[in-house]
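See structure below.
Please treat every number below as a calculation from the coordinates, not as lab data. Predicted model, so just to flag it, every value in this text is computed and none were measured. With ideal geometry, Cβ positions are generated from the backbone for all residues, glycine too; neighbour counts draw on all protein chains shown.
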Amino acid sequence: MNGWSMQKAIDTIRNESESTAEFEEIEKPSDSDRVDTAERSEENTSSSDSPSEELLREVEKPVIEEEQEKEVIQDEKSQEIAVPSDPVQPSNPVGYIKGQKLPEEPKRIKGVVLANKQYPLPEDYAPGESEEAREAFNELAASAVTSGINLQAFSTYRSYDYQVTLYNRYVERDGQEAADRYSARPGYSEHQTGLAFDIGEVNHERHWASNSFGDTEAAKWLAANAHQYGFILRYPEGKEDKTGYMHESWHYRYVGKDKAEQIFKQNITLEEYLGVR
C-alpha cells in the first residue's frame, strides 16, 4: 500500500469513528428525557391497572362535604316515618283550612305557641331550638340514664324551608292525602317552633320515627315520665280527630312543667287543653 492509500485508509477509519461518536451523542438521552420516559412508563402502567384497582383508588379519594344548614336536625334517613299499611281514618278528622294564608304572628293561647292544621306559623318565624326546652330535655335524659335508658333528641327545630323539602318528599312517596296524616305542610309544623323534640334511644336507630318505638322500654318510660320535665306526648294514640295527625310515640312537645302535669293527669291533647281544634 502506497503512502497516499495508507493515509486515505487512516482518514476513512477516523471519519467513521467520528461519525459513530456523533451518532451516539445524538441518540444519548438527556436527563430531562429520562424523566419524561419514566413518567410515560408510569402512565402506561397506570392505564393498564385492573378495574378493581381503579375503583380502590376512587374510594380512597377524600370526600369533601358541603356545609350543612345550621339546624338541630339529623340526616334525612332519621326523618323517615314508617306509615302503617292500613291506618284507621278518623270519622271527623281535623283538616287544613282551604285558602288559608300564613299569618304575620304565631298564635299564642295561655302562653303556648300553637302550630297545627288550623293555626299555622309565619313563614319567616325562625326562633331556633328553645334553650329552655333543651335544658329540660337534658334533665329528662339524665333521669332516664338511671333507669338504663339512653335517650337522644334526633330532630328538634326545623326551618320553614327544610319542612318544604321534607313534606314534598313524603307527598312524592305516599301521596298528599297520606302524607297529611303524618307530616305537616310547610308553615304548620311544630318543629318550626323549636319546642318539638323527636326522641329515640341511642344505638336503637331502627326504631327512630317508627311505630315500633312505641313498644320499646324507652318509649314506655317517656310516656310515664316526660311530663315531669315539661314535655307532653303531642300526638297520642286514638286522638287523630283532635290533633289532626296519626299517633307518634316519639314526638314530644315542651309546654312547661305545670301545663304538662295538667295535660298528663287529664289524659288530653294540647288542643283539648287550649280549647281549640
Whether the stretch 130-174 is rounded, prolate or oblate, judged on the alpha carbon gyration tensor where a/c under 1.5 counts as rounded: oblate
Residues whose placed amide H lies under 5 Å from that of K107, excluding near-sequence neighbours: L114
Cα-derived Rg over Rh, computed across the stretch 163-277 with Rh taken as Kirkwood radius: 0.96
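How long are the semi-axes of the equivalent ellipsoid of the stretch 99-235, taking √(5λ) for every eigenvalue λ of the Cα gyration tensor, in whole Å from largest down?
Values: eigenvalues 146, 72, 29 Å².
Sorted largest first and rounded, they come to 27, 19, 12 Å.
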Label-point gap, in nm, between Y96 and N225 - each point 7 angstrom along Cα→Cβ: 3.9 nm
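Provide V145, V112, V164 in ascending order of the number of other Cβ atoms located within 10 Å of each residue's Cβ, fewest first. Could you put the intermediate results ahead of the total?
On the way: V145 10, V112 18, V164 15.
By the 10 Å Cβ count, ascending: V145, V164, V112.
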Distance in nm between pseudo-label sites at Q266 and E132 (7 Å out along the Cβ direction from Cα): 2.0 nm
Approximate spin-label separation A178-H204, in nm, with each point projected 7 Å along Cα-to-Cβ: 2.7 nm
Additional length obtainable on full extension of the chain from V171 to K107, 0.36 nm per residue less Cα span: 20.4 nm
Residue-by-residue Karplus 3J(HN,Hα) for the stretch 171-186, coefficients 6.51, -1.76, 1.60, Hz, glycine and proline x: 4, 5, 6, 10, x, 5, 4, 6, 4, 5, 7, 10, 10, 7, 5, x
Highest-first arrangement of 173-180, 236-243, 113-120, where packing means the average Cβ count within 10 Å: 113-120, 236-243, 173-180
³J(HN,Hα), Karplus 6.51/-1.76/1.60, whole Hz, each residue of the stretch 241-258, x for Gly, Pro: 6, 9, 8, x, 10, 5, 4, 10, 6, 9, 9, 10, 10, 7, 10, x, 5, 4
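Would you list R234, R277 from fewest to most Cβ contacts within 10 Å?
Details: R234 25, R277 16.
Final ranking by Cβ density, sparse to dense: R277, R234.
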